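Asker: I'd like to ask you about the structure that follows.
The values are calculated or read from the model by the stated rules, or taken from the named source; none is laboratory data. Being a predicted model, the structure only gives us computed values, none of them experimental. Every residue, glycine among them, receives a Cβ derived from its backbone with ideal geometry; neighbour counts consider all protein chains shown.
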Amino acid sequence: MKNRLCLLLLSAFAIAALPGHVRADATTPPEWAGIVNIEVSVLFPDYREPWNAGQPSGGSGTGFLIGKNRFLTNAHVVSNATRILIRTTDDPKPHPAKIVHIAHDCDLAIIEAENPETFAKMTTLDFGSIPRLNTEVIAIGYPIGGDRMSVTRGVVSRIDFRPYSHTSVDSHLCVQVDAAINPGNSGGPVMQDGKVVGVAFQGFSGRVAQNVGYMIPVPVIKRFLTDIEDGRYDHYVDLAVSDFPVENPAQRQALGLQDDGVGVMIGDVEPAGTVGELLKPGDVILAIDGNPVLNNGLVRIEGDLVNMNEIVERKFAGDTIQLSYLRGGKKEDASLKLKRFSPYVRLGSQYNQRPRYLVYAGLVFQPLDRNLVDAHQIRDATVNYVFERYLTDKLYVERPEPVVLTSILPDQVNTWLTPYAQSLVDEINGVTIKTLDDVKTALAKNDKPFIEIRLHEKNRPLILKRDLADAAHPRIMQTYNIQEDSYLGQE
């Protein structure tokens, strides 16, 4: 759960119990046989002691057949999974399954049964389109507390561009349904007129709103399925700009804009983004791919007004967009290749990866990201500032991977260093630390009898005597039962 967004993921949660709630039985359509219950064993990585395996847990969700032995579900249902089992209403026998593709940025995944014969004769579900406002949809899945399929009803109440809480940093097209959130069928199909129009995945929690659930709509689903056609997922691309409306008549005149409601001003530009070398703050975007951009940042697609980023959302890495913009009263046109803006990933929750770290003489070094901040509950003002301003102050340019001295395993060799835990590392042995790999390089320098570690905005360096630290290192590893002194990532 991400309190900042007040959104609750629905793994083990369902769009549930409206007055029209019914339980499926033997008279349900045959294609619903392809809707399966997903049971998952997971292993949550340990970012406090990253050399440990982690904390085992479990959960459940729903998936549905979309192709030969291909089941669609939410990424958050199967994230960090060590074992996946799928079952159907008519066959209680568990069938082992595995992840084929997973997209954390849009919270979707494809899994397949290890033995496909069981599901060979099942009918796949077909996709529809974005449902219209004030039309009824049904959500189908397996709520916790029962082994039978459950069907609930709701009305489409909003279609909007909203945050996806799985990562907490990604936003995409989203459809709101006036349904309550109860434990159950995350990843299950939301259907209208016999076709899938979305995947249930999150809702508001607590007192923020009542009877509000969300589904991932068909354009997002189809983009994911198209992306993986080549056998890999390439992630979303992004303009990586911020914007604000140009509604003041005097401001429009000063910018040289016509009185037609077209044009949104650029507030900030990320240098590593798609338009980083083209646009500047103060430029005005007029159109994307020939679609006029209104002064509130909306464009009209297929008759609906949506966020201008929706045009980019439906494209892929390497695709081209045509951009019309105004600078200094002069209209300019440009053709750009879209690319992923990766620095923002560090600010979101990450999954299906082993924590990276390096331990030397009891000093534990780890790269700064959301998982680390949440696990260590870091209170150091400097570290929190770097994390919170990583994008807005363009800190990723100088520090692609900020490194934190997260903890110090007490030993006589590192006496008096404990107060400096949870500090940002600037330099080791004269080497500027921009990534975790730099720590390994710097510690390998053996040209001086001392190891000098400089921390950001700390007045004194940390000093270790090289021969004593080298001698203490294996002793500390044994004392704290650490099998590997580093994991820097896959080669």
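Asker: Taking the stretch 304-363 as the search range and keeping residues that are in contact with a Gly (Cβ under 8 Å, 6 or more places away or on another chain), in a loop (DSSP other than H, G, I, E, B) and among the hydrophobic types (A, V, I, L, M, F, W, C), which one is modelled with the highest pLDDT?
Answerer: So, considering only residues that are in contact with a Gly (Cβ under 8 Å, 6 or more places away or on another chain), in a loop (DSSP other than H, G, I, E, B) and among the hydrophobic types (A, V, I, L, M, F, W, C), the one modelled with the highest pLDDT is Leu338.
Asker: Go through the stretch 460-491 and count every residue that is part of a helix (DSSP H, G or I), in contact with a helix residue (DSSP H, G or I) (Cβ under 9 Å, 6 or more places away or on another chain) and not basic (Lys, Arg). Show your work before the answer.
Answerer: If we filter the stretch 460-491 for residues that are part of a helix (DSSP H, G or I), which is where we start, we get 466-479.
Imposing the further condition that a residue be in contact with a helix residue (DSSP H, G or I) (Cβ under 9 Å, 6 or more places away or on another chain) reduces the set to 468-469, 471-473, 475-476.
Right, trim to not basic (Lys, Arg) and you get 468-469, 471-473, 476.
The qualifying residues number 6.
Asker: Moving on. When you scan the stretch 124-144, do you find a residue that is among the charged types (D, E, K, R) and in contact with a Ser or Thr (Cβ under 9 Å, 6 or more places away or on another chain), even just one?
Answerer: Kept after step one, since they are among the charged types (D, E, K, R), are these residues of the stretch 124-144: 126, 132, 136.
Pick out the ones that are also in contact with a Ser or Thr (Cβ under 9 Å, 6 or more places away or on another chain) and you get none.
The answer is no, given that none of the residues of the stretch 124-144 is among the charged types (D, E, K, R) and in contact with a Ser or Thr (Cβ under 9 Å, 6 or more places away or on another chain).
Asker: Please go through the stretch 440-491 and pick out each residue that is over 26 Å from Asn52 (Cβ atoms) and of a type in the set (D, E, K, R).
Answerer: Lys445, Asp447, Lys448, Glu452, Arg454, Glu457, Lys458, Arg460, Lys465, Arg466, Asp467
Asker: Starting from residues that are in contact with a Phe, Trp or Tyr (Cβ under 8 Å, 6 or more places away or on another chain) and farther than 27 Å from His166 by Cβ, keep the ones in the stretch 211-265 and report whichever is surrounded by the most Cβ atoms within 10 Å (Cβ to Cβ).
Answerer: Val264
Asker: Let me ask another. Being aromatic (Phe, Trp, Tyr) and closer than 14 Å to Gly63 by Cβ is the filter here; which residues of the stretch 94-142 pass it? Don't jump to the end; show me each part of the working.
Answerer: Step one: filter the stretch 94-142 for residues aromatic (Phe, Trp, Tyr), giving 119, 127, 142.
Selection gives Phe119, Tyr142.
Asker: Which residue out of Val264, Val241, Val218, Val275 is in contact with a Ser or Thr (Cβ under 7 Å, 6 or more places away or on another chain) and modelled with pLDDT of 90 or more? Before you say what the answer is, go through the steps one by one.
Answerer: Numbers: Val264 fails: in contact with a Ser or Thr (Cβ under 7 Å, 6 or more places away or on another chain); Val241 fails: in contact with a Ser or Thr (Cβ under 7 Å, 6 or more places away or on another chain); Val275 fails: in contact with a Ser or Thr (Cβ under 7 Å, 6 or more places away or on another chain).
Every option except Val218 fails the conditions.
Asker: Right, here's the next one. Checking Leu443 against (1) at pLDDT 95 or above; (2) surrounded by 19 or more Cβ atoms within 10 Å (Cβ to Cβ); (3) within 23 Å of Val373 (Cβ to Cβ), only one condition comes out false. Which one?
Answerer: Leu443 satisfies every listed condition except (3).
Asker: Tell me, please, whether a residue that is over 19 Å from Tyr47 (Cβ atoms), surrounded by 14 or more Cβ atoms within 10 Å (Cβ to Cβ) and of a type in the set (Lys, Arg) can be found in the stretch 375-398.
Answerer: Within the stretch 375-398, one or more residues are over 19 Å from Tyr47 (Cβ atoms), surrounded by 14 or more Cβ atoms within 10 Å (Cβ to Cβ) and of a type in the set (Lys, Arg).
Asker: Looking only at the stretch 82-98, count every residue that is in a strand (DSSP E or B) and in contact with a Leu (Cβ under 8 Å, 6 or more places away or on another chain) and tell me the total.
Answerer: If we filter the stretch 82-98 for residues that are in a strand (DSSP E or B), which is where we start, we get 82-87, 95-98.
Now restrict to residues that are in contact with a Leu (Cβ under 8 Å, 6 or more places away or on another chain): 82, 95-97.
Qualifying residue count, the stretch 82-98: 4.
Asker: Another question, then. Whether any residue in the stretch 62-72 is among the polar types (S, T, N, Q) and part of a loop (DSSP other than H, G, I, E, B) is what I want to check.
Answerer: To start, the set of residues in the stretch 62-72 that are among the polar types (S, T, N, Q) comprises 62, 69.
Remaining after also requiring part of a loop (DSSP other than H, G, I, E, B): 69.
Yes, the conditions are met somewhere in the stretch 62-72.
Asker: Does Asp227 satisfy the criteria of being acidic (Asp, Glu), in contact with a strand residue (DSSP E or B) (Cβ under 8 Å, 6 or more places away or on another chain) and either modelled with pLDDT of 95 or more or closer than 30 Å to Leu72 by Cα (or both)?
Answerer: Values: acidic (Asp, Glu): yes; in contact with a strand residue (DSSP E or B) (Cβ under 8 Å, 6 or more places away or on another chain): yes; either modelled with pLDDT of 95 or more or closer than 30 Å to Leu72 by Cα (or both): yes.
Criteria met by Asp227.
Asker: Same structure, new question: Taking the stated definitions as given, is Ile181 within 26 Å of Leu347 (Cβ to Cβ), of a type in the set (Val, Ile, Thr), at pLDDT below 95 and assigned to a strand (DSSP E or B)? Break it down stepwise before answering.
Answerer: Values: within 26 Å of Leu347 (Cβ to Cβ): yes; of a type in the set (Val, Ile, Thr): yes; at pLDDT below 95: yes; assigned to a strand (DSSP E or B): yes.
When the stated conditions are applied, Ile181 passes them.
Asker: Moving to a separate point now. Of all residues in the stretch 99-129, how many are within 19 Å of Pro219 (Cα to Cα), among the small types (Gly, Ala, Ser) and not in a loop (DSSP other than H, G, I, E, B)? Before the answer, list the steps.
Answerer: Step one: filter the stretch 99-129 for residues within 19 Å of Pro219 (Cα to Cα), giving 101-110, 124-129.
From the residues that got through so far, the ones that are among the small types (Gly, Ala, Ser) too are 103, 109, 128-129.
Within this subset, residues satisfying the condition of being not in a loop (DSSP other than H, G, I, E, B) are 103, 109.
Count: 2.
Asker: Which pairs turn up if I take residues in the stretch 328-346 that are touching a residue at least 60 places away in the same chain (Cβ under 8 Å) and outside the structural domain of Pro402 (by TED's automatic domain parsing) and look for partners that are buried (at least 16 other Cβ atoms within 10 Å of the Cβ) and part of a helix (DSSP H, G or I) with beta carbon separation below 6 Å, at least 6 apart in sequence or on another chain?
Answerer: From the stretch 328-346, the pairs are Pro343/Tyr396.
Asker: Which ones in the stretch 117-150 are surrounded by 16 or more Cβ atoms within 10 Å (Cβ to Cβ) and more than 15 Å from Val197 (Cα to Cα)?
Answerer: Phe119, Met122, Tyr142, Pro143, Met149, Ser150
Asker: Moving on. Does Arg399 meet the test of being among the charged types (D, E, K, R) and either outside any loop (DSSP other than H, G, I, E, B) or within 19 Å of Ile482 (Cα to Cα) (or both)? Spell out how you get there, then give the answer.
Answerer: Numbers: among the charged types (D, E, K, R): yes; either outside any loop (DSSP other than H, G, I, E, B) or within 19 Å of Ile482 (Cα to Cα) (or both): no.
No; evaluated as a whole, the condition is false for this residue.
Asker: For Asn371, work out the one condition from (1) at pLDDT 95 or above; (2) over 27 Å from the mean Cα position of the chain (by Cα) it doesn't fulfil.
Answerer: (2)
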